[in-house]
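Participant: After the structure tokens below, expect a handful of questions from me.
The values are calculated or read from the model by the stated rules, or taken from the named source; none is laboratory data. Keep in mind the model is a prediction, meaning the values are calculated, not measured. Every residue, glycine as well, gets a Cβ built from its backbone with ideal geometry; the counts of neighbours run over all protein chains shown.
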């Protein structure tokens with residue numbers, strides 16, 4: 001189970017790296033076509049934006065570990081394990097409750113978007129935006145899993161690892 | 001301010017204090033607002049998706065991160081440090097000066113202070129503490145404060161974010177950061193020069209002049225990157241995002257062809273690291289997009305502007321107020337969050353008072369960068385505690401004099417706008 005999870009996470013990481021590579025390549029194609037062949041390409045712009053949206057939501061759902069996310073962990077890492085477990089339970093319940101409650105409305109917004117298509121790539125917008133529903137479901141499942149561990153008394157340990165976290169600043 | 005907004009704020013603050021990742025706290029708090037207010041909760045999805053999908057400008061962020069990662073993969077840091085050592089190593093406190101000059105040069109390739117500290121931190125720490133030349137705390141403190149220059153001198157990730165929220169030209173913002181960045185670097189080197197006498201810092205062995213051309217040549221591909229970036233940006237050949245992509249392509253080519261130390265595995269690792277950083281910052285942006293919808297519905301920026309105008313603030317007092325507010329918030333909040341959530345609230349007032357948006361943007365970014373080294377919450381401090389293996393207290397004690405120097409530099413550029421605006425105006429900025 002554990003090794004399957006680790007394997008899946010590595011594959012999710014491959015996908016994220018590939019999305020960034022596609023974004024980068026699309027930009028290069030765009031520059032080359034526009035400035036060397038005087039041939040503007042609209043589809044590359046669209047592709048890069050799609051990759052950006054998917055990379056962030058996909059990555060947040062499947063790639064980033066607990067210690068890599070940006071959080072304010074001064075209190076979190078200073079308190080006793082029992083208190084920390086309590087704090088994490090409150091957070092998990094808030095996420096499960098609020099994300100869960102917004103899931104039906106989010107789903108209907110995304111499916112409603114089937115009336116539109118991306119202008120160049122002609123992909124239906126409900127497909128492009130489906131990543132948000134995937135993201136919501138994945139995060140809810142992740143926090144349910146975390147909650148079950150917390151309720152068994154497992155300490156989530158300290159917060160972020162400063163060598164891994166970066167807000168890009 | 002309504003009850004719903006009050007609850008939303010309390011939820012975001014409480015969840016963040018409890019340790020929930022900040023991006024999720026903002027989304028969750030905003031969803032709570034939608035429910036209490038009776039607005040369709042699908043609006044959160046709509047705001048996040050449309051916001052991310054239409055913010056083409058933000059694509060510069062992953063590309064700038066990628067460019068710096070590719071450069072790092074090419075082991076440029078060694079060559080860059082040799083070059084800096086040849087330049088300033090001969091002065092008293094040589095390696096300390098090298099640390100600052102390296103940050104200034106690296107700032108021209110990277111838009112992130114944390115990336116600068118992470119990439120040069122370990123090497124600099126081992127060089128400076130070897131044979132007990134400098135204390136570990138001083139070395140770590142210096143890397144932390146000099147890294148702050150990274151996003152002030154272009155390219156700059158926080159400036160891309162500011163350009164997004166303020167509709168200001170990235171090019172002029174970037175130019176506006178050049179002199180303030182150099183000013184902060186100069187203030188740090190001045191402080192090092194004073195401390196070096198007092199603490200009797202060592203001098204590095206002089207590099208013979210005839211070796212300088214070779215050392216410069218080795219560092220040349222790295223030194224060329226800022227030039228290429230600027231050339232593309234200011235000649236108008238490419239858009240800012242395309243310039244970022246071209247910079248990344250150049251960094252990749254330079255690393256693979258010229259330094260020949262980069263294989264497929266390194267390229268994959270660079271992509272992977274960049275993707276992770278992009279995801280982290282992207283989640284903050286996504287959270288801020290949903291929360292900023294709430295802020296707009298509540299008309300907060302206008303209310304704040306009305307309150308501040310009732311006090312009949314002069315631009316001077318407003319800037320003073322904004323600086324103090326941002327510095328205090330910087331001690332407790334994460335910088336990207338301040339930039340995406342607090343700055344948009346202040347911006348309408350700044351503009352109403354006739355403060356130039358480029359000037360205000362650079363001042364805000366410098367404030368936020370200083371926030372990275374102010375305790376108790378400073379990401380650069382945490383990073384250097386880990387890399388330098390020093391205690392937070394020791395580190396902060398060594399950071400303090402530099403902090404004062406930076407605050408003086410900040411005051412200068414706040415109240416003498418020409419420090420920021422002179423260079424953009426030379427390049428045609430009509431502000």
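Per-residue answers, yes or no, for (1) touching a residue at least 12 places away in the same chain (Cβ under 8 Å); (2) under 24 Å from residue B:22 (Cβ atoms):
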residue	(1), (2)
A:85	yes, yes
A:110	yes, no
A:118	yes, no
A:128	yes, no
A:145	no, yes
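Participant: Let me ask something additional. For segment A:74-122, name all the residues that are under 30 Å from residue B:374 (Cβ atoms), within 10 Å of another protein chain (Cβ to nearest Cβ) and part of a loop (DSSP other than H, G, I, E, B).
Facilitator: The one that is under 30 Å from residue B:374 (Cβ atoms), within 10 Å of another protein chain (Cβ to nearest Cβ) and part of a loop (DSSP other than H, G, I, E, B): A:79.
Participant: Filter segment A:3-28 down to the residues that are touching a residue at least 12 places away in the same chain (Cβ under 8 Å) and loosely packed, with under 15 Cβ neighbours inside 10 Å, then identify the one that is nearest to residue B:285 (Cα to Cα).
Facilitator: Among residues in segment A:3-28 that are touching a residue at least 12 places away in the same chain (Cβ under 8 Å) and loosely packed, with under 15 Cβ neighbours inside 10 Å, the one nearest to residue B:285 (Cα to Cα) is A:9.
Participant: Is it the case that some residue within segment A:53-69 is within 24 Å of residue B:278 (Cα to Cα), within 9 Å of chain B (Cβ to nearest Cβ) and in a loop (DSSP other than H, G, I, E, B)?
Facilitator: Yes.
Participant: For segment B:381-394, which residues satisfy the criterion of being touching a residue at least 60 places away in the same chain (Cβ under 8 Å), in a helix (DSSP H, G or I) and more than 12 Å from chain A (Cβ to nearest Cβ)?
Facilitator: B:394, the sole residue that qualifies.
Participant: Still on this structure, I have one more. Just need a number here: residues in segment B:38-47 that are more than 7 Å from chain A (Cβ to nearest Cβ) and either in contact with a strand residue (DSSP E or B) (Cβ under 8 Å, 6 or more places away or on another chain) or in a helix (DSSP H, G or I) (or both).
Facilitator: So the count comes out to 2.
Participant: Report yes if residue B:64 is within 13 Å of another protein chain (Cβ to nearest Cβ) and either in contact with a strand residue (DSSP E or B) (Cβ under 6 Å, 6 or more places away or on another chain) or more than 30 Å from residue B:300 (Cα to Cα) (or both), otherwise no.
Facilitator: yes
Participant: For segment B:266-287, does any single residue satisfy the condition of being surrounded by 20 or more Cβ atoms within 10 Å (Cβ to Cβ), over 30 Å from residue B:45 (Cβ atoms) and within 13 Å of another protein chain (Cβ to nearest Cβ)?
Facilitator: Scanning segment B:266-287 turns up at least one residue that is surrounded by 20 or more Cβ atoms within 10 Å (Cβ to Cβ), over 30 Å from residue B:45 (Cβ atoms) and within 13 Å of another protein chain (Cβ to nearest Cβ).
Participant: Now for a separate question. What are the pairs, 6+ residues apart or on separate chains, where a residue within segment B:3-19 that is on the phi > 0 side of the Ramachandran plot has its Cβ under 8 Å from a residue that is assigned to a loop (DSSP other than H, G, I, E, B)?
Facilitator: Final answer for the pair search is B:19/A:71; B:19/A:72; B:19/A:73; B:19/A:159.
Participant: Scan B:91, B:56, B:35 and give me the residue that is modelled with pLDDT of 95 or more, farther than 21 Å from residue B:223 by Cα and in contact with a helix residue (DSSP H, G or I) (Cβ under 9 Å, 6 or more places away or on another chain).
Facilitator: B:35
Participant: Turning to a different aspect of this structure: What are the residues in segment B:265-322 that are within 30 Å of residue B:413 (Cα to Cα) and part of a loop (DSSP other than H, G, I, E, B), if any?
Facilitator: Listed by number, the residues that qualify are B:311, B:312, B:313, B:314.
Participant: Which one is nearest to residue B:74 (Cα to Cα), of the residues in segment B:213-239 that are crowded, with 23+ Cβ neighbours inside 10 Å and within 14 Å of another protein chain (Cβ to nearest Cβ)?
Facilitator: B:229
Participant: Any idea which of B:168, B:238 is assigned to a loop (DSSP other than H, G, I, E, B) and within 20 Å of the chain's Cα centre (by Cα)?
Facilitator: Of the residues listed, the single one that is assigned to a loop (DSSP other than H, G, I, E, B) and within 20 Å of the chain's Cα centre (by Cα) is B:168.
Participant: Right, something else. What about residue B:365, is it assigned to a helix (DSSP H, G or I), within 11 Å of chain A (Cβ to nearest Cβ) and either out of contact with any strand residue (DSSP E or B) (no Cβ under 7 Å at 6 or more places or on another chain) or at negative phi (or both)?
Facilitator: So residue B:365 passes the test.
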